[in-house]
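See structure below.
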Amino acid sequence: MRALLLLLLAQLCSASLVPEREKDPEYWRRQAQETLRNALRLQRLNQNVAKNLILFLGDGMGVSTVTAARILKGQLQHGQGEESLLEMEKFPYVALAKTYNTNAQVPDSAGTATAYLCGVKANEGTLGVSAGVTRDRCNTTKGQEVTSILRWAKDAGKAVGIVTTTRVTHATPSAAYAHSANRDWYSDGEMPPDALEGGCKDIARQLVENIPDIEVIMGGGRKYMFPKNASDVEYPHEEKHRGTRLDRRNLVQAWQEAKPPGKVAKYVWHRRELLALNLSRIDFLLGESRHPGVLQPQLAALGGTPGLCWGSWSGQLSPQGCHWLQGVLVSHPEDTGGRIDHGHHEGKAKQALHEAVELDRAIGLATRLTSAQDTLSVVTADHSHVFTFGGYTPRGNPIFGLAPMQSDVDRKPFTSILYGNGPGYKIVAGERENVSAVDFAHADYQAQSAVPLRQETHGGEDVAVFAQGPMAHLLHGVHEQNYIPHAMAYAACIGSNRAHCNAGARPAAPLLLPFLALLVLLC
């Protein structure tokens, strides 16, 4: 009875939450008609050749995460939330991507990265190789390597960049340049003897050697670039941050030495070094974060962090604290931005959703700095998570708040956000933990889960693909995930499909810059 009364009270209260304008049927009719007019404009297809490609990848950003992030964004702006729009949701074309790996119904980030970067589906745990490669089996790799859209762009003479808020050698960005039977072979120090004897290369070495002329590389994981036990430049007394390489190579030095004579290559490891650079005089930039493993989410100042933002064309420091380097969008390695996946794995929904909002800020600024006439922008995810929110919450309910009812089984309240499995499973005195006795709004709160696991798992449902710009209409309906780079390459006249480039597709108005293919990988 108490639960029923609470539900009735919530329904009565929710009636007062409806904005006055929404009580008028004409409001909804006008909104629908405006949407219809915008849809009709899409009949005039943008068939220009894309001079720029931008891929934003929210690691673990499933559809439920997108929806919850939309509500959070609106509430951070002091709205009710549901009526808000993410920047990615303003893109005119939306598709769904099927994320399964060739040997896995619920995928991992390595197999999916191979799909949306290399255009080929692969086995779980493998990078930049076909499904003919078995995980951990170095001897199955030879001849099974597949190249990425970054390589296709480089072969066509474009400038390219990788920006990530995790390790540069992490599964998500590394499929752009590496071919590995195991996503965890960050350096030779993580490889088994048989793989080393078999001639397989670690991922950090491949970053330096496979495509040595990537213009911009920014992320974390610098310990994999230095000799074993070499002290870290910022944490010299902390053993966990020391170098890991058994071959005793300094890959940062190797990266610099591999550049052509007369070209300027700069390595930075701290924000102040980045800000001190004259970017107009730099040809190549390698930035590895002050957090040697991964970039730390800056959730402490909720809503007040600089976030993953973008700079102006001039190369000068913008008010957001970011730069534009030779047409390549560059975020500070200290900034937050894409660790949605890590937040979900830890059951920390607040961290995951704030990361998604930061990603969306970057998308918005990048959209304002480019033109849809010559820039194809694509936003997607590699996979989803077992994250959900529900409980008949009223309009404007805080996204991290309680559902307006108690369980009719154990008579305890519950938060709207829950996980199917993960570390949030807690039993207190033989019963489900009473969330009203804990600070469920805290940044480190682990939302309750149905099944206890140390780490929450990925989800297997399709993920959204948002697209804007030349040939964006090619991303529609339900696709296999490996279709994405093929559509992007077609739009830019790179890779294998180029017959249309001189017969039909129109070149866009010239930019101030050469062609650019940019992969923004937010992991």
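Output the residue which, of all residues in the range 128-150 that are outside any loop (DSSP other than H, G, I, E, B) and surrounded by fewer than 22 Cβ atoms within 10 Å (Cβ to Cβ), is farthest from the chain's Cα centre (by Cα). Talk me through it step by step, then tell me what you get.
To start, the set of residues in the range 128-150 that are outside any loop (DSSP other than H, G, I, E, B) comprises 129, 138-140, 145, 149-150.
From what's left, surrounded by fewer than 22 Cβ atoms within 10 Å (Cβ to Cβ): 139-140, 145.
Details: N139: 31, T140: 29, E145: 24 Å.
Filtering first and then ranking leaves N139.
Among the residues of the range 400-412 satisfying the criterion of being open to solvent by 40 Å² or more (accessible area, probe 1.4 Å) and in a strand (DSSP E or B), which is farthest from E433 (Cα to Cα)?
If we filter the range 400-412 for residues that are open to solvent by 40 Å² or more (accessible area, probe 1.4 Å), which is where we start, we get 402, 405, 408-411.
With in a strand (DSSP E or B) added as a condition, the list becomes 402, 405.
Working: L402: 14, M405: 16 Å.
Selected residue: M405.
Report every pair of residues separated by at least 6 positions or lying on different chains whose Cβ atoms are under 7 Å apart, first residue within the range 355-371 and outside the structural domain of F91 (by the TED database) and at pLDDT below 95, second open to solvent by less than 20 Å² (accessible area, probe 1.4 Å) and part of a helix (DSSP H, G or I).
Listed pairs, sorted by first residue: none to list.
For the range 47-103, name all the residues that are open to solvent by 40 Å² or more (accessible area, probe 1.4 Å), over 29 Å from K154 (Cβ atoms), in contact (Cβ under 8 Å) with a residue 40 or more places away in the chain and among the polar types (S, T, N, Q).
Q75, Q80
Conditions: (1) more than 24 Å from I214 (Cα to Cα); (2) open to solvent by less than 10 Å² (accessible area, probe 1.4 Å); (3) not in a loop (DSSP other than H, G, I, E, B). A113 meets all but one. Number of the miss?
All conditions pass for A113, except number (1).
It is to be established whether one or more residues within the range 480-493 are assigned by the TED database to the domain that holds Y116, surrounded by fewer than 24 Cβ atoms within 10 Å (Cβ to Cβ), at pLDDT 95 or above and part of a strand (DSSP E or B).
Scanning the range 480-493, I find at least one residue that is assigned by the TED database to the domain that holds Y116, surrounded by fewer than 24 Cβ atoms within 10 Å (Cβ to Cβ), at pLDDT 95 or above and part of a strand (DSSP E or B), so the answer is yes.
Determine whether the range 33-42 contains at least one residue that is surrounded by fewer than 17 Cβ atoms within 10 Å (Cβ to Cβ) and in the same structural domain as V357 (by the TED database). Working first, answer last.
Within the range 33-42, the subset surrounded by fewer than 17 Cβ atoms within 10 Å (Cβ to Cβ) is 33-42.
Next, from what is left, pick out any that are in the same structural domain as V357 (by the TED database): none.
Scanning the range 33-42 turns up no residue that is surrounded by fewer than 17 Cβ atoms within 10 Å (Cβ to Cβ) and in the same structural domain as V357 (by the TED database).
Of all residues in the range 367-386, which are among the small types (G, A, S) and farther than 21 Å from Q47 by Cα?
A381, S384
I'd like to know if the range 413-432 contains one or more residues that are touching a Phe, Trp or Tyr at 6+ places or on another chain (Cβ under 8 Å), under 30 Å from Q481 (Cβ atoms), in contact (Cβ under 8 Å) with a residue 12 or more places away in the chain and in a helix (DSSP H, G or I).
no
Could you list, in sequence order, all residues of the range 81-100 that are part of a strand (DSSP E or B) and either more than 12 Å from H476 (Cα to Cα) or at pLDDT below 95 (or both)?
Filtering the range 81-100 for residues part of a strand (DSSP E or B) gives 93-98.
Answer for the range 81-100, where residues must be part of a strand (DSSP E or B) and either more than 12 Å from H476 (Cα to Cα) or at pLDDT below 95 (or both): just K98.
When only residues in the range 281-296 that are open to solvent by 10 Å² or more (accessible area, probe 1.4 Å) and modelled with pLDDT under 90 count, which is nearest to K263 (Cα to Cα)? Before you say what the answer is, go through the steps one by one.
So in the range 281-296, the residues open to solvent by 10 Å² or more (accessible area, probe 1.4 Å) come out as 281, 283-284, 290-291, 293-294, 296.
Checking the rest, the ones that are also modelled with pLDDT under 90 come to 290-291, 293-294, 296.
Numbers: R290: 26, H291: 28, G293: 29, V294: 29, Q296: 32 Å.
Of everything passing the filter in the range 281-296, R290 is nearest to K263 (Cα to Cα).
The values are calculated or read from the model by the stated rules, or taken from the named source; none is laboratory data. Every value quoted in this text rests on a predicted model; they were computed, and no experiment measured them. Note that each Cβ is placed from the backbone with ideal geometry, even for glycine, and that neighbours are counted across all protein chains shown. To get the accessible areas, we keep the full protein, side chains included, count just its heavy atoms, and leave off ligands, DNA and RNA. Shrake-Rupley method; radii C 1.70, N 1.55, O 1.52, S 1.80 Å.
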